[in-house]
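Below is one structure; the comments refer to it alone.
The values are calculated or read from the model by the stated rules, or taken from the named source; none is laboratory data. If you're wondering where the values come from, they're calculated on a predicted model, not measured in any experiment. Backbone-built Cβ (ideal geometry, glycine too); neighbour counts: all protein chains shown. Please note that ligands, DNA and RNA were not included when accessible areas were found on the heavy atoms of the full protein model with its side chains. Shrake-Rupley method; radii C 1.70, N 1.55, O 1.52, S 1.80 Å.
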Amino acid sequence: MDGLKKIWRAFFSIPVLLSTVGMACLLVAVGIAGLSLLSPADTSGYPTAMLTVIPGPTSTLYSPTATPTRVPTATSNLLPSPMPGMIGVGSSVQIFGTEGSGLNIREQPGLGTPIRFVALDSEVFEIRDGPQVIDDITWWYLVTPLDEARSGWAASNYLSLVSAQQN
């Protein structure tokens, strides 16, 4: 026990405590000097971060100025003509993209309906009915201009609009 007391007295003596405090101050000074050497002296070359605040939308009350009314429109039995450049009833189309195997022309729209005949690439037809979307495919009713018996439903994926100059 006496040996332990002597060791404790030696550690807590004034010279040991003063030297410990002195070493701590020296380490702090060296750390600050080291950090000052690592930090850049001139920060003018670095960009300054800019923050732009964009205000959010504000709610505006809607007050209707007039009550909408339905305007009667004239009805017609004529089918609307297709927009220029679009396939529609009355358009002339040709078969394309079958790589020579031809396009199945069916009795009704849909992949499960009977095939009437096979139309060849570049063969021209007139659209008489449609469109109908069945089996995720748009179908058009085609008729050959020279033979009314040669008609049926075709998938639009293989139809190309024939321009008026080609007619």
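Considering segment 91-120 alone, what residues qualify as being open to solvent by 50 Å² or more (accessible area, probe 1.4 Å), in a loop (DSSP other than H, G, I, E, B) and over 15 Å from Thr144 (Cβ atoms)? Even if it seems obvious, please write down each step before you answer.
The initial filter retains those residues of segment 91-120 that are open to solvent by 50 Å² or more (accessible area, probe 1.4 Å), namely 94, 96, 99-101, 104, 107-108, 111-112, 114-116, 118, 120.
The next check asks that each one be in a loop (DSSP other than H, G, I, E, B); those that pass are 96, 99-101, 107-108, 111-112, 114, 120.
Matches in segment 91-120: Phe96, Glu99, Gly100, Ser101, Glu107, Gln108, Leu111, Gly112, Pro114.
Hey, does segment 29-40 have a residue that's modelled with pLDDT of 60 or more, loosely packed, with under 14 Cβ neighbours inside 10 Å and in a loop (DSSP other than H, G, I, E, B)?
Here is the first cut: in segment 29-40, the ones modelled with pLDDT of 60 or more are 29-40.
Now restrict to residues that are loosely packed, with under 14 Cβ neighbours inside 10 Å: 29-40.
Still in the list and also in a loop (DSSP other than H, G, I, E, B): 39-40.
Yes: segment 29-40 contains one or more residues that are modelled with pLDDT of 60 or more, loosely packed, with under 14 Cβ neighbours inside 10 Å and in a loop (DSSP other than H, G, I, E, B).
Given (1) surrounded by 12 or more Cβ atoms within 10 Å (Cβ to Cβ); (2) at pLDDT below 90; (3) not hydroxyl-bearing (Ser, Thr, Tyr), identify the lone condition not met by Ala164.
That leaves (1) as the condition not met.
Which of the residues spanning segment 93-129 are at pLDDT 90 or above, of a type in the set (Gly, Ala, Ser) and touching a strand residue (DSSP E or B) at 6+ places or on another chain (Cβ under 6 Å)?
Gly102, Gly110, Ala119 - these are the residues of segment 93-129 that are at pLDDT 90 or above, of a type in the set (Gly, Ala, Ser) and touching a strand residue (DSSP E or B) at 6+ places or on another chain (Cβ under 6 Å).
Restricting to segment 139-155, count the residues that are modelled with pLDDT of 90 or more and surrounded by fewer than 16 Cβ atoms within 10 Å (Cβ to Cβ).
Here the count works out to 0.
Given the criteria over 34 Å from the mean Cα position of the chain (by Cα), surrounded by fewer than 16 Cβ atoms within 10 Å (Cβ to Cβ) and outside any loop (DSSP other than H, G, I, E, B), does Arg128 qualify?
Working: over 34 Å from the mean Cα position of the chain (by Cα): yes; surrounded by fewer than 16 Cβ atoms within 10 Å (Cβ to Cβ): yes; outside any loop (DSSP other than H, G, I, E, B): yes.
So Arg128 passes the test.
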